[in-house]
Structure formats: structure tokens, C-alpha cells
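Only the coordinates and a few stated rules stand behind these numbers; no lab work does. Since we're looking at a predicted model, the values are computed, not measured. Here the Cβ positions follow ideal geometry from the backbone for every residue, glycine too, while neighbour counts run over all protein chains shown.
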Amino acid sequence: MTKKSYLVTGGTGFIGSALVTALVSRGHKVRTLDNNSRGAHRRLASVAGQYEHVEGDVRDYATFAAAAKGIDSVCHLAYINGTEFFYSIPETVLDVGVKGIVNAIDVCKSLSIPELIVASSSEVYQTPPTVPTDENVPLVIPDVFNPRYSYAAGKIISEVMAIHCGAKFFERMIIFRPHNIYGPDMGWEHVIPQLIMRAKELSKQSSSTVKFPIQGTGNQTRAFCFIEDMIKALITVFEHGKHMEIYNIGTDQEVTISELTRIIGRYFKCELNLVPGNIASGGTLRRCPDISKLRAIGFEPQVNLVDGVQRTADWYDANQNLAPAKSFVLNG
């Protein structure tokens, strides 16, 4: 992999920090741009002093442009993730998504940066017509009034802009779609950490079997990809990905939410008796990527779900004190 200078937006976030660590360890020069509304420098402790950081918001063009000076490649990951935010602050989710990609493209053009790598999401196809799902499925917003789709809408806009600007203005433009990435310190607004923390509290009961309310029946499926596999896949895309291509990133090992919950229960040495409940409007029943394109350029997932969940639960069990207050609101 040719040594480059990278700007990683969202570089103190969950995926961004793992990418920064991987790039630094491979000898690249790395600069991060993040306002730390959800990021944290603790995630980059292993490479402290080996990367540059610019504190700022990707919605501010001048800040973005200053951070990108002297850069060979912009990796645009900055976004607001976390399902609860899609429902509670959809206007901010869209604002960050749309202004962020506009600035990423405009800054690259103005500074003649030849490479742009854009993080999209499996959310862009919402309820896919086929599972496992390849990169060619239609991108869909089923209901513009449902705030859940604010995230997907911003990602679809990002993809369309990156593709049509990429064809004209970049030597290399690549889009990647992460699928249900998880791991230690991933945040507190996602299904796995929320299940872990609920299971931890319920496991304190005297009974070894506890009632555990969940959304839906538990038959919904996902294919969860551990962060280490995600980064190996992304580095593979950096090294071998082609201009104007889209790559799913994840694993094709589909699992039900019921089985995921039981794995978490076993970690806490209790049996969780699942109690079905209502599912949030806009959720999808099945999600699993086809990763054939990723395999074709050399990637194969390594971490199984049981091991990954254990490593994730270890972190959340030990770091509950870092959980934000319920009134946690993103900085503008």
C-alpha cells in the first residue's frame, strides 16, 4: 500500500478511530477532523501523538478546507449514527449528512485532492428485495415522513453526489457500505450495547431466568461484523478497490435477534426469557450483505459472533461509568 496522507472525518468516532489506528500502524500520515460530539480521543490512545487532529464540524467549509491542506485522500466518515437519533433529531442527521458530503467534494475539488472514499450504509436499501443483498439493489426511502429514514436519505444523497462528481473530478472515488458493525466502545445508542446493559441489570435478579422485553418477535435477522474484521475489509478496499465502485463491508453470517440476545444472556450467566413487543416504525426484518465483491479482492471475515460479543460485553461491563446521561444531546 503506497504511503499517503489521509484526512479521516469522524476520526474520533467508533469506525473512524479504528481506521486511523490501522492507517497509522501502516506508516501513513493521518489527520482527523471531528467535533467530538460523539467521538472520543480515548479511542486513539494506542496512537496518541502519531496523528494530527483538527477540532471542528464538517458542516463548516473553512474548517474542512484547512484540515484537508496537503492531503492525498479524504475518507469521509463523519455522520450522526445511532438509531435513537434518527427518530429524535432527523433534521440534524440530514444537515450533517448533506452539508458534510457537499463540503467533502468541494474541498477536494478546490485543493485538487485526487481521492475520495465515502462511508455509506446498508440503510440505503432499507428492506432489500433479496437477502443476502448485493451492491446493485435499488436505493429506497419508503416514507419521507418517517424520521427513521433521515439517516438513509443523507447517505443516498452522499452516494449520488459522490458518484456523479467522482466520475468527473476524481482519479479514484470509492463508496463502502458497512453492515451492522459492532465492538468495544461503539457508542450507547445501538442494539448490541443496549442489550448488553439491559442484560447486565437484569442478571442481578435472584432468578437465573429473567423476562427480557425486546422489539418485535426476535426473528428479525442481522449479520453483525466485528470492528476488527470491518477495518481489515476497509484496508483491503483501500489497497485493491476500484474507481467508481461500491463495496459492501460486513459478514454474511446471518443471525436472529433472539439468538444474539441468548448469547448475551450466557455471557451474564442467565437465561433471558424473551418477551415480544412492538417494533419501531421503519425497521427492517432481514439484513445480510452479499460480500462477493469484497471476497474477490481478498477479504474473509475472521471473528465469530460469540467471541466478538464477549469482547464487546467485557468492555461495556467494565466501562458503564462512561455511559452518557439520558439527556445527552449532540453538539451543533
Checklist outcome for this item: To the nearest 0.05, the calculated FRET efficiency linking Asn273 and Val306 through their beta-carbon distance, R0 being 25 Å, is 0.75
Checklist entry - In deg cm²/dmol and to the nearest 500, what is the mean residue ellipticity at 222 nm of the chain if only DSSP H runs of at least 4 residues count, each as -39500 (n - 2.57), divided by the residue total? => result -11500 deg cm²/dmol
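Order by neighbour count: Ser37, Ser112, fewest other Cβ atoms within 10 Å first, most last.
Details: Ser37 17, Ser112 7.
In order of increasing Cβ crowding within 10 Å: Ser112, Ser37.
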Item to check | Rounded, prolate or oblate (a/c below 1.5 giving rounded, otherwise prolate when a/b exceeds b/c) for the stretch 114-234 by Cα gyration tensor | outcome: prolate
Checklist outcome for this item: Of 102-111, 156-165, ordering from highest average Cβ density within 10 Å down gives 102-111, 156-165
Checklist outcome for this item: Rounded to the nearest 0.05, FRET efficiency between Lys204 and His164 (Cβ-Cβ, R0 51 Å) equals 0.40
Checklist entry - Lys/Arg Cβ at +1, Asp/Glu Cβ at -1, dipole of the chain taken about the Cα centre: which of Val118, Phe176, Ile196 is farthest positive-ward? => result Ile196
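Considering all alpha-carbon pairs of the stretch 205-261, what whole percent are spaced by more than 19 angstrom? Numbers along the way, then the final one.
Working: 837 of 1596 pairs.
I get 52 percent for the Cα pairs in the stretch 205-261 exceeding 19 Å.
Which of rounded, prolate or oblate describes the stretch 196-332 when judged by the alpha-carbon gyration tensor and an a/c cut-off of 1.5?
Numbers: a/c = 1.89, a/b = 1.75, b/c = 1.08.
Prolate is the answer for the stretch 196-332, as a/c is 1.5 or above and a/b outweighs b/c.
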Checklist entry - For the modelled label position 7 Å from the Cα of Ile235 along Cα-to-Cβ, which residues of the stretch 299-322 have backbone nitrogen atoms closer than 16 Å? => result 299-303
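How large is the charge dipole for the chain, taken about the Cα centre, if only the Cβ atoms of Lys, Arg (+1) and Asp, Glu (-1) carry charge, to the nearest 20 debye? Display every interim value, and only then the final one.
Numbers: 33 positive and 33 negative charges, 72 e Å.
With Lys and Arg at +1 and Asp and Glu at -1, about 340 debye.
Taking every eigenvalue of the Cα gyration tensor of the stretch 39-119, multiplying by 5 and rooting it, what semi-axes result, largest first, whole Å?
Numbers: eigenvalues 99, 72, 22 Å².
They are 22, 19, 10 Å, listed from largest to smallest.
Order the peptides 57-70, 172-185, 132-145, 248-261 from the highest to the lowest mean number of other Cβ atoms within 10 Å of their residues. Intermediate values should be presented prior to the final figure.
Numbers: 57-70: 17.7, 172-185: 21.9, 132-145: 13.4, 248-261: 19.7.
Per-residue mean Cβ counts within 10 Å order the peptides as 172-185, 248-261, 57-70, 132-145.
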Checklist entry - Put +1 on the Cβ of every Lys and Arg and -1 on every Asp and Glu Cβ in the stretch 129-287; which of Val131, Ala162, Cys270 then has its Cα farthest towards the positive end of the dipole? => result Cys270
Checklist entry - In percent, how large is the relative contact order of the chain, given Cα pairs closer than 8 Å and 6 or more residues apart? => result 17 percent
Next on the checklist: Could you tell me the extents of the stretch 1-143's C-alpha atoms along the three principal axes, largest first, rounded to whole Å?
Outcome noted: 44, 33, 31
Checklist outcome for this item: For Cys288, other-chain or 5+-apart residues with amide H closer than 5 Å (H placed, Pro excluded) are Thr133
Item to check | Where the Cα pairs of the chain fall when distances are cut into 20 Å bins, in % | outcome: 31, 60, 9, 0
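Let me know the Kirkwood hydrodynamic radius for the stretch 106-156, please, with Cα pairs as the basis and the value in Å to one decimal. Mind showing how you got there, number by number?
Working: mean 1/r = 0.0777 Å⁻¹.
After inverting the mean inverse Cα-Cα distance, the result is 12.9 Å.
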